[in-house]
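Here's the structure, in structure tokens; my notes come after.
Laboratory data are not the source of any read-out in this text; all were calculated from the coordinates shown. Model, not experiment: these values are computed from the prediction. Backbone-built Cβ (ideal geometry, glycine too); neighbour counts: all protein chains shown.
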Amino acid sequence: MKVVKNIIIFIILIVIIAGSIITYKGYTIYKQALDEISVKDKVAEIKSQENYTKIEDMPKFYLNAVIAVEDHRFYNHGAIDIISIGRAIYTNIRYMELREGGSTITQQLAKNIYFDQSKTFLRKIAEIFMAFEIEDNCSKDEILELYLNTSYFGDGYYCVKEAANGYFDKEPIEMNEYESSMLAGIPNAPSVYAPTKNPDLATQRQRQVLEKMVKYEYITEEEKENILEQQQ
């Protein structure tokens, strides 16, 4: 019994030490990125871009669609969502690989503007530290606005304005519910869901977006079906 107890203690210590090392290395990556350019300066740089679109110039339906499918508790949690992280940890341990990240919109913004798209534990730790830094410097509306101006939408479109112009020949504010729900689903996997590349998969993803909107009571089931019947 004593031997088993000692083994358990040893394993716990190893886990704590390994976790501390990974956290420190992730923190170092975060600090290096922040030392290169502060969040304040990074935000100013992004907002100065020609195609930058303010949140009030995007349809409310589009904003709701993005929140529903990407981070439905966005306005109710801080930099991270403990519930989503817990679910992601369970999934990753179950499959013994990094399948799910549990990222909030703030974390995704941190990844978009400071880090590459690789899925590693060190990058994830750095992303979490940066998300807290962003939340300390920006409002929720500003974070959502920045996220939609730095996301990749496929076909060479790197912000919501470019995507709306390119896919629908419209300004973002002009998008209807069909177009808004289509666009909201693309950043999850732009090479897969770009409507010009895989229209069937794009429509499947659009349906997922609308189902999330029904689930979180942005729209009704009937409204969902009506939207899917709309023509672009």
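Things worth noting here:
- In the range 152-172, the residues that are β-branched (Val, Ile, Thr) reach residues that are in a loop (DSSP other than H, G, I, E, B) and surrounded by fewer than 21 Cβ atoms within 10 Å (Cβ to Cβ) with C-beta atoms within less than 6 angstrom, at least six apart or across chains, in these pairs: Val160/Thr53.
- Looking at Tyr193, Tyr218, just one residue is touching a residue at least 24 places away in the same chain (Cβ under 8 Å), surrounded by 13 or more Cβ atoms within 10 Å (Cβ to Cβ), within 13 Å of Phe61 (Cβ to Cβ) and under 20 Å from the mean Cα position of the chain (by Cα), and that residue is Tyr218.
- Looking across the range 196-207 at every residue that is among the basic types (Lys, Arg) and under 19 Å from the mean Cα position of the chain (by Cα), the one that is farthest from Phe153 (Cα to Cα) is identified as Arg207.
- In the range 42-56, the residues that are assigned to a helix (DSSP H, G or I) form Cβ pairs under 9 Å with partners that are among the β-branched types (Val, Ile, Thr) and surrounded by fewer than 17 Cβ atoms within 10 Å (Cβ to Cβ), at six or more places apart or across chains, as follows: Glu45/Ile37; Glu56/Ile173.
- Search result, residues across the range 114-136 that are surrounded by fewer than 20 Cβ atoms within 10 Å (Cβ to Cβ) and in contact with a Lys or Arg (Cβ under 6 Å, 6 or more places away or on another chain): Phe115, Leu122
- Qualifying positions in the range 142-153 - over 15 Å from Pro172 (Cβ atoms) and surrounded by fewer than 22 Cβ atoms within 10 Å (Cβ to Cβ): Glu142, Tyr152
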